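A quick write-up on the structure given underneath.
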Amino acid sequence: MFTSFSSALSGLNATSTAIDVVGNNLANLNTPGFKTSALVFRDLVTQSIGAGLGETQVGFGTGQPLTIRQFTQGAIQTSSGLLDAAIQGDGFFVLKTPSGGTSYSRAGNFLADKDGNLLTDMGDRVQGWTTLNPITGAVDTNGPIGNIIVPVGSLRPPTATTTFSVDLNLDSTAAADATSAKAVPLTIIDSLGGSHILTLNFQKTGPNQWSYDVTIPGEDIAGGTAGTPFDTGATGTLTFDSNGKLTDPTAGNPITVTIAGLADGASDMSLSWDLYNTDGTGRFTQFAQPSATSASSQNGKLAGQLVHVGLADGGGILAGYSNGDQVVVAQVALANVRNPDSLLAAGNNSFQLSARSATPVVGPPGTGGRGQIVGGAIEASTVDIAKEFTNLIVYQRGYEANAKVITTSDTLNQDTINLIR
């Protein structure tokens, strides 16, 4: 009977711990990336009463319950943060703490500081790759990981135009004189980011033949006359067949347009004017329709100011510029731990390795068993409020039952003492 005190007391301690765990789960109901802790109860060694053959066994109560972190997938919730990220599948974000240690987290509510460092909301630095391949321009994920630094207030240099094209129909019914003239303006970009209006002039010279001439405003050329078009010297003839298809110049022979002595001091320009599509069909036609342009393009870009930085699906850090460029400047790394339930909670939504943890394997998302990264989202807590309230009621009843055992044992002890009085 006297062991009932210690058994019931162990029950009180165990259920008290269980209630603490439930309380912690419920407290983290809205914590991003939080994983629910489950409890495992275990009995203590028993003693045999009587002949010692095990016919009557009385236990010594319950031991301190074990807590097991359940790394199940949390719901992916869309967020408004440009740098927020959620992991769909296995894996952890790799973080570098201010003290230099490494921790792991499922919470992806990131932000950038004034220097561009990608941080968690608690100041840990997010790890990944930032080195760009000089040939492809893509992020090189073959090297070691390091702190991710996103561009802040950077200016992207301009790209000078080197090629341009125009899709144009020339009216086959037009007279072979000045009344058939058609001018097509096209904006090009020089090496300093300055823009210039290139004008393509066309005029019918005979059946199925049109002349072309390329000019630029005189004020854009050093020594040119303002208000008077400056002839670039790119002139020639376009020849069409009886079906209105361009036959000369032939495919594979683009027209070269050279512009030298720009007034703004930019480099001389050598432009390639391709009259054919990649499949060999001509961009120019001559049908009995009014002369009109249907499309035009050139590959130059103005200098661009950084407009925004965001985290895209797949974990790439995408920088958007005012000139329309979108460049991946970094890649977030993921770590895969074979036995994640062995990790120790370190607070601030992060975990650290324990003596039982397997060595983390770091790599890009979607490789080596690692999950994918979803941009603009946060993984919600895995706490099930209904289940936790049910557990809370069960543990409360268990605590009351063990307390009742103690009071009953105390009454029986008093009765036994009173027998000798």
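The values are calculated or read from the model by the stated rules, or taken from the named source; none is laboratory data. For clarity, every value in this text was computed on a predicted model and none was experimentally measured. Ideal geometry is used to build each Cβ from the backbone, glycine not excepted, and the neighbour counts take in all protein chains shown. To get the accessible areas, we keep the full protein, side chains included, count just its heavy atoms, and leave off ligands, DNA and RNA. Shrake-Rupley method; radii C 1.70, N 1.55, O 1.52, S 1.80 Å.
The residues of segment 109-122 that are open to solvent by 30 Å² or more (accessible area, probe 1.4 Å) and of a type in the set (Gly, Ala, Ser) amount to a single one, 112. Of the set (1) over 25 Å from residue 150 (Cβ atoms); (2) touching a Ser or Thr at 6+ places or on another chain (Cβ under 6 Å); (3) open to solvent by 20 Å² or more (accessible area, probe 1.4 Å), all apply to residue 347 but (2).
The residue list 182, 204 contains one member that is under 24 Å from residue 254 (Cβ atoms), without any contact (Cβ under 8 Å) to a residue 60 or more places away in the chain and open to solvent by less than 60 Å² (accessible area, probe 1.4 Å), which is 204. Take residue 72 and decide whether it is among the polar types (S, T, N, Q), surrounded by 12 or more Cβ atoms within 10 Å (Cβ to Cβ) and either part of a loop (DSSP other than H, G, I, E, B) or at pLDDT 90 or above (or both). Spelling it out, it is not the case that residue 72 is among the polar types (S, T, N, Q), surrounded by 12 or more Cβ atoms within 10 Å (Cβ to Cβ) and either part of a loop (DSSP other than H, G, I, E, B) or at pLDDT 90 or above (or both).
Candidates 406, 420: the one that is out of contact with any strand residue (DSSP E or B) (no Cβ under 7 Å at 6 or more places or on another chain) and not in a helix (DSSP H, G or I) is 420. Within segment 331-357, the set of residues being under 30 Å from residue 306 (Cα atoms) and in a loop (DSSP other than H, G, I, E, B) comprises 333 only.
Residues that are in contact with a strand residue (DSSP E or B) (Cβ under 6 Å, 6 or more places away or on another chain) and charged (D, E, K, R) were ranked within segment 114-145; the one that is nearest to residue 31 (Cα to Cα) is 124.
Scanning segment 363-399 for residues that are among the β-branched types (Val, Ile, Thr), open to solvent by 60 Å² or more (accessible area, probe 1.4 Å) and either under 25 Å from residue 344 (Cα atoms) or touching a Phe, Trp or Tyr at 6+ places or on another chain (Cβ under 7 Å) (or both) turns up just one, 385. Considering (1) among the small types (Gly, Ala, Ser); (2) closer than 28 Å to residue 61 by Cα; (3) free of Cβ contacts under 8 Å to residues at least 12 places away in the same chain, the lone condition that residue 386 does not fulfil carries the number (2). Do we have any residue at all in segment 82-90 that's touching a Ser or Thr at 6+ places or on another chain (Cβ under 6 Å), modelled with pLDDT of 85 or more, assigned to a strand (DSSP E or B) and not β-branched (Val, Ile, Thr)? Scanning segment 82-90 turns up no residue that is touching a Ser or Thr at 6+ places or on another chain (Cβ under 6 Å), modelled with pLDDT of 85 or more, assigned to a strand (DSSP E or B) and not β-branched (Val, Ile, Thr). In this structure, residue 161 does not satisfy being within 26 Å of the chain's Cα centre (by Cα) and in contact (Cβ under 8 Å) with a residue 12 or more places away in the chain. Among residues of segment 262-286 that are in contact (Cβ under 8 Å) with a residue 40 or more places away in the chain, those with a Cβ under 6 angstrom from a residue that is aliphatic (A, V, I, L, M) and loosely packed, with under 12 Cβ neighbours inside 10 Å, sequence gap 6+ or separate chain, pair up as 263/222.
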